[in-house]
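Novice: Structure below; questions to follow.
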Amino acid sequence: MHTDELDSAAARQALVQAASRLGFSACRIAPAIPTPFGDEYRGWLARGCHASMEWMAAQLEKRLNPEKVLSGVRSIAVLAFDYAACDARVLPGRFARYAQGMDYHALLWEKLADLDETLRFYGGTQRCHTDTGPVNERDYAVLSGLGWRGRNNQLIRPARGSLFFLSTIMTTLALPTDAPERPRCGACRRCEERCPGKALKDGLCDARRCLSYWTIEHKGVIPEEWRVLMGDRLYGCDICLEACPWNRLAREAADSRLLMPRDVASKPLRDFLALDDDSFSALFRCSPVRRLKRERFLRNVCCVLGNIGRAEDLPALRLSCEDAPLIAEHAVWALGRIAMRRDAP
């Protein structure tokens, strides 16, 4: 091998070893080429499937071409970090698994900074992302062979499933690349069949029909049809992940900080309605839930109580009718739903 090839192989080995020590369960390398899924992404945007998430259409050329993000980029390292596979929940409400504990951005950013330093030792210049920049990380995860894009629009790893965070490191180093993985969904369509909003088709997700969009990204009043479909889901939706047979192989959280804190898991659902801005920020100070802010989170609490609440929840909901307009509207709806269930024969 030439000296450059030896240096590239050594840099890759050092990166993989460092990533493993930091808790990443995989590190694969993709070529830094324009994404081959660019036309598909443009069409998805043109159909309005991103709903109100305008950031997904911003900096489009950067999203499709890594050279626009880092001049001279030659390789993209794609890393996986496993999160909780358990179905922990607030009683009786439920958070998506990835959001049960510490905000993964803060957790992974420190680790990516360490890996950046590893590659700088070999002369590389890097740009690191974990769902934080103009890069379609899943596209490069597919190119790297980390997994395949399933019908649930999630990256699925053989022998691991989908319960992991993705991070990418763009580098000017020409690291040896990996071969793509063949798709293995076969004829299975359990995710499509179980999706409450029928958001999934041909491996793509229409955000306008996704509970994760309505409970997290949507900033205003939730239409009544979607309130009902939320069931007991306070933040996000794991239904397509729960349906996927590959997730039976998922591992437990790679870091205990990703598990739900006891003071959240033990709190009765109606008690959330008593939170003011300061107590909400304190309770969720390290959680991705904090980005909702109090009003949107309590909006969701009211929706869930409307679906599963009981007589003992009525006093807290009545008080919430005097809260901010966004909360009050959903509290009134929840009171009506509980009353309807109580009056039903």
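The values are calculated or read from the model by the stated rules, or taken from the named source; none is laboratory data. Everything numeric in this text was worked out from a predicted model, so none of it was measured. So basically every Cβ, Gly included, is an ideal-geometry build from the backbone, and we count neighbours across all protein chains shown. These accessible areas exclude ligands, DNA and RNA; they are computed on the full protein's heavy atoms, side chains included. Shrake-Rupley method; radii C 1.70, N 1.55, O 1.52, S 1.80 Å.
Novice: Need the full-extension length gain, residue 52 to residue 274, defined as separation in residues times 0.36 nm minus the C-alpha distance. One decimal, nm.
Specialist: Contour length minus the Cα-Cα distance gives 77.0 nm.
Novice: Here is a further query. Label region 86-231 by shape, choosing from rounded, prolate and oblate, from the square roots a ≥ b ≥ c of the eigenvalues of the Cα gyration tensor; if a/c is under 1.5 it is rounded, and otherwise prolate applies when a/b is larger than b/c, oblate when it is not. All intermediate terms of the calculation are to be shown ahead of the outcome.
Specialist: Values: a/c = 2.29, a/b = 1.57, b/c = 1.46.
In terms of gyration-tensor shape, prolate.
Novice: Using helices alone, what [θ] at 222 nm do you get for the chain, with -39,500 (n - 2.57) per DSSP H run of 4 or more residues, divided over all residues and rounded to the nearest 500?
Specialist: Working: 13 runs with 129 residues, N = 345.
Rounded to the nearest 500, it is -11000 deg cm²/dmol.
Novice: When a/c is below 1.5 the answer is rounded, else prolate if a/b is larger than b/c, else oblate, so apply that to region 17-110 with a ≥ b ≥ c taken from the square roots of the Cα gyration tensor eigenvalues. Before the final figure, lay out each step's value.
Specialist: On the way: a/c = 2.60, a/b = 1.25, b/c = 2.09.
It comes out oblate by the Cα gyration axes.
Novice: Also, I was wondering about something else. What list of ³J(HN,Hα) values in whole Hz, one per residue of region 61-71 in order, does the Karplus curve 6.51 cos²θ - 1.76 cosθ + 1.60 (θ = phi - 60°) give from phi, with Gly and Pro shown as x?
Specialist: Taking θ as phi minus 60°, the curve returns 5, 5, 5, 9, 9, x, 4, 6, 8, 9, 4 Hz for region 61-71.
Novice: Shifting gears a bit: To the nearest 10 Å², what's residue 209's accessible area with a 1.4 Å probe?
Specialist: The value for residue 209 is about 100 Å².
Novice: For residue 111, go through the lysines and keep the ones whose alpha-carbon is under 25 Å away, minus same-chain ones fewer than eight residues off.
Specialist: 62, 68
Novice: With only Lys, Arg, Asp and Glu charged, each at its Cβ (+1 for the first two, -1 for the last two), find how big the charge dipole of region 208-296 is about the Cα centre; round to the nearest 20 debye. Walk me through the numbers on the way to the answer.
Specialist: Details: 17 positive and 14 negative charges, 41 e Å.
With Lys and Arg at +1 and Asp and Glu at -1, about 200 debye.
Novice: Would you mind checking which residues have amide H under 5 Å from residue 235's amide H? H placed 1.01 Å from N; only 5 or more apart, or other chain.
Specialist: Sorted by chain and number, the residues that satisfy this are 94, 96.
Novice: A follow-up question, please. Viscosity 0.890 mPa s, temperature 25 °C: Stokes-Einstein D of the chain from its Kirkwood Cα radius, in µm² per second? Before the final figure, lay out the partial values.
Specialist: On the way: Rh = 21.5 Å.
The estimated diffusion coefficient comes to 114 µm²/s.
Novice: A further question on this structure: Taking θ = phi - 60°, what integer Hz values does the Karplus form 6.51 cos²θ - 1.76 cosθ + 1.60 yield along region 199-208, in sequence order, with x for Gly and Pro?
Specialist: 7, 9, 7, 6, x, 10, 10, 8, 4, 5
Novice: I've got another one for you. Per residue of region 309-317, in order, report the coupling 6.51 cos²θ - 1.76 cosθ + 1.60 (Karplus, θ = phi - 60°) as ³J(HN,Hα) in whole Hz, putting x for Gly and Pro.
Specialist: Here the 3J(HN,Hα) series is x, 10, 4, 5, 8, 4, x, 5, 5 Hz.
Novice: For region 230-273, what is the charge dipole size about the Cα centre, in debye to the nearest 20, if Lys and Arg each add +1 at the Cβ and Asp and Glu each add -1 at the Cβ? Please list the in-between numbers first.
Specialist: Details: 7 positive and 7 negative charges, 10 e Å.
Dipole size: approximately 40 debye.
Novice: Moving on. Report the one residue of 133, 23, 260 whose Cα lies farthest in the direction of the positive end of the charge dipole of the chain (charges on C-beta: Lys and Arg +1, Asp and Glu -1; origin at the Cα centre).
Specialist: The residue sitting most towards the positive pole is 260.
Novice: Something else now. So how many Å³ per residue does the convex hull of the Cα atoms of region 178-333 work out to?
Specialist: Numbers: hull volume 23.2 nm³, N = 156.
That works out to 149 Å³ per residue.
Novice: Can you list the lysines whose alpha carbon is less than 30 Å from that of residue 267, not counting same-chain residues fewer than 8 positions off?
Specialist: 219, 293
Novice: Can you list residues from other chains, or at least 5 along the same chain, whose modelled amide H is less than 5 Å from the amide H of residue 323?
Specialist: Residues meeting the criterion, in which the H sits 1.01 Å from N, are 328.
Novice: Mind ordering 156-167, 323-334, 180-191 by average Cβ neighbours within 10 Å, highest first?
Specialist: Working: 156-167: 21.2, 323-334: 19.2, 180-191: 14.0.
Highest to lowest by the protection proxy: 156-167, 323-334, 180-191.
Novice: Compute the Cα gyration tensor for region 165-241, then decide on rounded, prolate or oblate, letting a ≥ b ≥ c be the square roots of its eigenvalues: rounded whenever a/c is under 1.5, prolate when a/b is larger than b/c in the other cases, and oblate in all that remain.
Specialist: Details: a/c = 3.32, a/b = 1.71, b/c = 1.94.
Oblate, because a/c is 1.5 or more while a/b does not exceed b/c.
Novice: Which one of 116, 271, 139 has the biggest mean-square fluctuation once the chain is modelled by GNM with Cα springs under 10 Å?
Specialist: Its mean-square fluctuation being the largest, the pick is 271.
Novice: Just to confirm my numbers, what's the Cα centroid distance between region 25-71 and region 124-169 in Å?
Specialist: After rounding, the separation between the Cα centres reads 12 Å.
Novice: If you don't mind, another one. Within the set of other residues whose C-beta is less than 15 Å from the C-beta of residue 112, count the net charge using Lys and Arg as +1 and Asp and Glu as -1.
Specialist: On the way: positive: 21, 111, 120, 127; negative: 103, 110, 114, 116, 117, 131, 137, 255.
Net charge in that neighbourhood comes out at -4.
Novice: Under unit Cβ charges (Lys, Arg +1; Asp, Glu -1), what dipole magnitude, rounded to 20 debye, does region 266-316 have relative to its Cα centre?
Specialist: Details: 10 positive and 7 negative charges, 59 e Å.
Around 280 debye, computed over region 266-316.
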